[in-house]
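Taking it in order: structure first as structure tokens, then the write-up.
Every read-out reported here was derived from the displayed coordinates using simple, explicitly stated rules and does not represent laboratory data. Note that the coordinates shown come from a computational prediction; the quantities given were computed from them, not determined experimentally. In this analysis, Cβ positions are derived from the backbone assuming ideal geometry, glycine residues included, and neighbour counts consider all displayed protein chains.
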Amino acid sequence: MLRVDDLRSCYGRIEALHGVSLEVKAGEIVTLVGGNGAGKTTLLRAISGVQPVTGGAIRFKGEVIDRIDAHRRVGLGIAQVPEGRQVFAPLTVEDNLRLGAWSRKDDGIAADLDGVYASFPVLAEKRALQAGGLSGGQQQMLAIGRALMAKPELILLDEPSMGLAPILVEQIFEAILALKARGITVLLVEQNAFSALSIADRGYVLETGTITLSGEGRALLDDPKVRGAYLGL
Ligand code: ATP
């Protein structure tokens, strides 16, 4: 579904991605782990089209998309949930969700809204309240729900469990598994490497802009290097 080949991206003269290659197959959860500043967010932003690339190629369903605007990539089926749960705080929960469907012209929006409420009942309870009043975990669910309203085939999740209490972290990982069950392909960036690799089909380790390791999620959990650097074992 997604293939990234030898991707390079810079901030000014500083190159943050030094030729990254990875693949996400349809229906997979693929986890990207790496330390602070490794380039994980830069990579997700390059795929969604908000970060320019200076070399290499990004293919979505076989089509090279590097030169396609970010908003058109949403229309192609790629949705990003940015780091830090960027919901529109003054707007209601429902308006936030409806904003996720801005690029759609089909008549399935109401049904998909019901689908998001069925997946996240707490959002249904709070649909008329301001998003800024939700707890951190609820805002993360709203951010995921908003991405779902774009009817994506591929969802890019940037640190969805960051800053959440353990019980909520568990709920977020369950929600990610539920995305997979709905047939949505997931590329997940996480600091919580143990949980993220546990639910992943495959994973990649990104270090200072370079992929240094890849494999099945379970195999990476057993890898001595991953255990030492990312699992604190
Ligand atoms: P974190 O987990 O801390 O978010 P990350 O793996 O997502 O880290 P990036 O945010 O992609 O890493 O950053 C990769 C590199 O690019 C880092 O060296 C970072 O300092 C640099 N960088 C990121 N954003 C900018 C920016 N807006 N301007 C200049 N350099 C940046």
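Observations
- Taking Cβ atoms as reference points and 9 Å as the exclusive limit, the residues near Gly217 contribute a net charge of 0, counting Lys and Arg as +1 and Asp and Glu as -1.
- Considered as an equivalent ellipsoid built on the Cα gyration tensor, segment 132-210 has semi-axes of 20, 16, 12 Å, the largest given first.
- Radius 12 Å from Cβ of Gly19, net charge of other residues (Lys, Arg +1; Asp, Glu -1): -2
- Alpha-carbon radius of gyration plus Dmax, which is the widest Cα pair, for segment 169-233 in Å: 12.0, 34
- Nearest 10 degrees, 0 to 90: helix 109-119 Cα axis against the chain principal axis: 70 degrees
- Couplings for segment 216-229, taken from phi via the Karplus curve 6.51 cos²θ - 1.76 cosθ + 1.60 with θ = phi - 60°, read 5, x, 4, 5, 5, 4, 8, 6, x, 5, 5, 4, x, 8 Hz in order; Gly and Pro are left as x.
- Across segment 151-164, coupling constants 3J(HN,Hα) worked out from phi with the 6.51/-1.76/1.60 Karplus curve, θ = phi - 60°, read 6, x, 9, 10, 10, 9, 10, 9, 6, x, 9, 4, x, 9 Hz, and Gly and Pro carry x.
- Using the average count of surrounding beta-carbon atoms within 10 Å as a protection proxy, the listed peptides 115-123, 54-62 rank, highest first, as 115-123, 54-62.
- Among the trypsin sites (Lys or Arg not before Pro) within segment 17-56, those in coil by DSSP and having at most 16 neighbouring Cβ atoms inside 10 Å are Lys25.
- Burial order of peptide ranges 211-222, 8-19 (average beta-carbon count within 10 Å, highest first): 211-222, 8-19
- Cα shape, segment 69-202, gyration tensor, a/c 1.5 rule: oblate
- Nearest-ten-degree value, helix 166-181 long axis tilted from longest Cα axis of the chain: 90 degrees
- Flagged links, alpha-carbon separation over 24 Å, of Lys61/Lys105; Lys180/Lys225; Lys126/Lys151: Lys180/Lys225
- Computed from backbone phi with θ = phi - 60° and the Karplus coefficients 6.51, -1.76 and 1.60, the 3J(HN,Hα) list for segment 129-138 is 8, 5, 4, x, x, 6, 5, x, x, 5 Hz; x is used for glycine and proline.
- Normalised alpha carbon radius of gyration of the chain [divisor 2.2 N^0.38 Å]: 0.98
- Net +/- balance of residues flanking Leu123 in space, Cβ distance below 14 Å, scoring K and R +1, D and E -1: 0
- Principal axes of segment 31-109: Cα extent on each, largest first, Å: 38, 31, 21
- Considering only Cα atoms, the convex hull volume of segment 1-63 works out to 79 Å³ per residue.
- Shown here for segment 113-172: trypsin sites (Lys or Arg not before Pro) in loop regions (DSSP other than H, G, I, E, B) with at most 16 other Cβ atoms within 10 Å, namely Arg127.
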